[in-house]
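S.K.: Can you read through this structure? Questions will come right after.
Throughout, read-outs are computed from the coordinates displayed, never taken from laboratory work. Just so it is clear, the model here is predicted, and its values are computed rather than measured. Note: ideal-geometry Cβ built from the backbone for every residue, glycine included; neighbour counts use all protein chains shown.
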Ligand code: NDP
Ligand code: MG
């Protein structure tokens, strides 16, 4: 029987690559969810004939509804943030792949887990903002949380031998360094939206591309790794690997290191999350070591890239610290993409929010939303 998947964020970079995998593996797509790209979603509905479609933006939902009236077997339309949550929590698929961007993905992750469905997680913000709630939900439902993020997939792949996994002592989280690697503050001050959107190795959505340029993405991934693999942050070392060929490494008690390598193409980790523990042929080509020749390693410059320093402070504070850093970053990136603040303002604002409170302790979902709101308001009042 074909595997049944529900795909959230289907119109994005991870979403469309997930559909490449679904097409190749012949999966049944039970549900698709998008925010505002109505045309792209309609195209996907025509090809994959899902039973459900969720559209978060109201105007886009109206447009999709009008078009669906002419379909022979239209999917049931679910609307708004509640529609996204409903789709995630249907319990009618083998796996929910969450490729929504931002904290908007958190309620969907929780709903899917609570419905007893495995989650393939690209939406790292779910773990960053609500890691405590997500890991609790995984335990309570006895389901799997499968990493899609390439670094976390690499670590997960290196830890498949349960025996050696018990002796894990360190994670080497690789980073491309982004388009501004090696630059200092003076040079970064004038960087524009267009400069920051040119990533050297990966073709991704706008928000994560900016996060890669500021190194916020690596900070978010450090927090994501703490929740997924249970090591303290000081046992997770960030290693700049400019070619993005080594996707991460793990070290064991005897100081032996295992790495996972491959072309920088997200369809490998997406497919592994969907086929795990099996490996199937992939649309991605093989690594050509003769052409590759060199792999380089470097250190991340936290002094210049303050978002990374801020994320480290946030995870050390614990509780809602990472949620505050994430909320401030989402708001600052939105403003940067609208040309309203400069590149260095992103790090300045994220760090200021983290420094402004203690954030410790456990929390509820309402606390997460309140903290996210506070961080966004802080950014807006400190421009
Ligand atoms: P994109 O911006 O390309 O896509 C985001 C998707 O989420 C789109 O389908 C978008 O809908 C939808 N969306 C946006 N806002 C909302 C909302 N408020 N509610 C519901 N859906 C929403 O992002 P990416 O695919 O690049 O990234 C998705 C996630 O995966 C992020 O968390 C990112 O950090 C993570 N990730 C991405 C990688 C990559 O290579 N791209 C690599 C590793 C992780 P619409 O298009 O219709 O507006
Ligand atoms: Mg990543």
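S.K.: Using only the Cα atoms of the range 303-374, each taken as one equal point scatterer with no solvent, compute I(q) by the Debye sum, divide by I(0), and report log10 of the ratio at q = 0.14, 0.21, 0.23 Å⁻¹.
M.R.: Rounded to two decimals, the profile gives -0.40, -0.82, -0.95.
S.K.: With label points built 7 Å along Cα→Cβ from the Cα atoms of residue 292 and residue 46, find their separation and express it in nm.
M.R.: With each label point 7 Å from Cα toward Cβ, the separation is 4.0 nm.
S.K.: With both bridge residues required to lie in the chain, what share of the DSSP beta bridges run antiparallel, to the nearest 5%? Walk me through the numbers on the way to the answer.
M.R.: Working: 11 of 40 bridges.
Of the beta bridges lying entirely in the chain, close to 30 percent run antiparallel.
S.K.: Any number yet on Rg/Rh for the range 48-109, C-alpha, Kirkwood?
M.R.: Expressed as Rg/Rh, it is 0.97.
S.K.: Moving on. What number, in percent, do you get for the relative contact order of the range 47-163 if the mean sequence gap of Cα pairs under 8 Å and at least 6 apart is divided by its residue count?
M.R.: On the way: 171 pairs, mean separation 21.8, N = 117.
After rounding, I find 19 percent.
S.K.: For the chain, set up a GNM with springs between Cα atoms under 10 Å and report which of 220, 335, 32 has the largest fluctuation.
M.R.: Looking only at 220, 335, 32, the largest GNM fluctuation is found for 335.
S.K.: Between the alpha-carbon centers of the range 105-140 and the range 184-200, tell me the distance in whole angstrom.
M.R.: 33
S.K.: Cα gyration tensor of the chain, axes a ≥ b ≥ c as square roots of the eigenvalues: rounded (a/c below 1.5), prolate (a/b > b/c) or oblate?
M.R.: Judged from the Cα gyration tensor, the chain comes out rounded (a/c under 1.5).
S.K.: Something else: Looking at the chain as a GNM with Cα springs under 10 Å, which of 124, 166, 293 has the largest mean-square fluctuation?
M.R.: Of 124, 166, 293, the Gaussian network model singles out 293 as fluctuating most.
S.K.: Once you have the Kirkwood Rh of the range 1-131 from its Cα pairs, apply Stokes-Einstein at 10 °C and 1.306 mPa s and quote D in µm²/s.
M.R.: 112
S.K.: Another question, if that's okay. Helix-derived [θ] at 222 nm for the chain: sum -39500 (n - 2.57) over DSSP H runs of at least 4, divide by residue count, nearest 500?
M.R.: -14500 deg cm²/dmol
S.K.: I need 36, 150 ordered by Cβ neighbour count within 10 Å, fewest first. Before the final figure, lay out the partial values.
M.R.: Details: 36 15, 150 24.
In order of increasing Cβ crowding within 10 Å: 36, 150.
S.K.: Further question on the same structure: Work the Kirkwood hydrodynamic radius out for the range 112-241: mean of 1/r over every pair of different alpha-carbon atoms, inverted, in Å.
M.R.: Details: mean 1/r = 0.0621 Å⁻¹.
By the Kirkwood definition, the hydrodynamic radius is 16.1 Å.
S.K.: Is the range 126-188 best put as rounded, prolate or oblate by its Cα gyration tensor, with a ≥ b ≥ c the root eigenvalues, rounded for a/c under 1.5, and otherwise prolate when a/b is larger than b/c, oblate when not? Working shown, then result.
M.R.: On the way: a/c = 3.07, a/b = 1.66, b/c = 1.85.
Since a/c reaches 1.5 but b/c is at least a/b, the shape of the range 126-188 is classed as oblate.
S.K.: Which of 301, 195 comes first, and how do the rest follow, when ranked by fewest Cβ neighbours within 10 Å?
M.R.: 195, 301
S.K.: Neighbour counts of other C-beta atoms within 10 Å: give me 381, 256 arranged from fewest to most.
M.R.: Ascending Cβ contact count within 10 Å gives the list 381, 256.
S.K.: Which shape class applies to the range 197-329: rounded if a/c is under 1.5, otherwise prolate when a/b exceeds b/c and oblate if not, where a ≥ b ≥ c are the square roots of the Cα gyration tensor eigenvalues? Before the final figure, lay out the partial values.
M.R.: Details: a/c = 1.56, a/b = 1.42, b/c = 1.10.
It is prolate, given that a/c is not under 1.5 and a/b is the larger ratio.
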